[in-house]
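Enquirer: Below is one structure. I have some questions about it.
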């Protein structure tokens, strides 16, 4: 993976990290889009991942 490829689809990259064993609870809210004020986005990520896990 090159630097150029790495940022093409951040969601796909996030998915791959989770598949490799990354723990969702270890994701820092302040590193998500919107920072600490973006907790709604963080909750959306958690919701979407829950849907993907059940489907």
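Each value in this text was obtained by applying a stated rule to the coordinates, not by laboratory testing. For clarity, every value in this text was computed on a predicted model and none was experimentally measured. Glycine also receives a Cβ, built like all others from the backbone with ideal geometry; neighbour counts cover every protein chain displayed.
Enquirer: Residue 20 to residue 8: extension gain in nm, 0.36 nm per residue of separation minus the Cα-Cα distance?
Expert: Full extension from residue 20 to residue 8 adds 2.4 nm.
Enquirer: Which of 13, 8 comes first, and how do the rest follow, when ranked by fewest Cβ neighbours within 10 Å?
Expert: Listing 13, 8 from fewest to most nearby Cβ atoms yields 8, 13.
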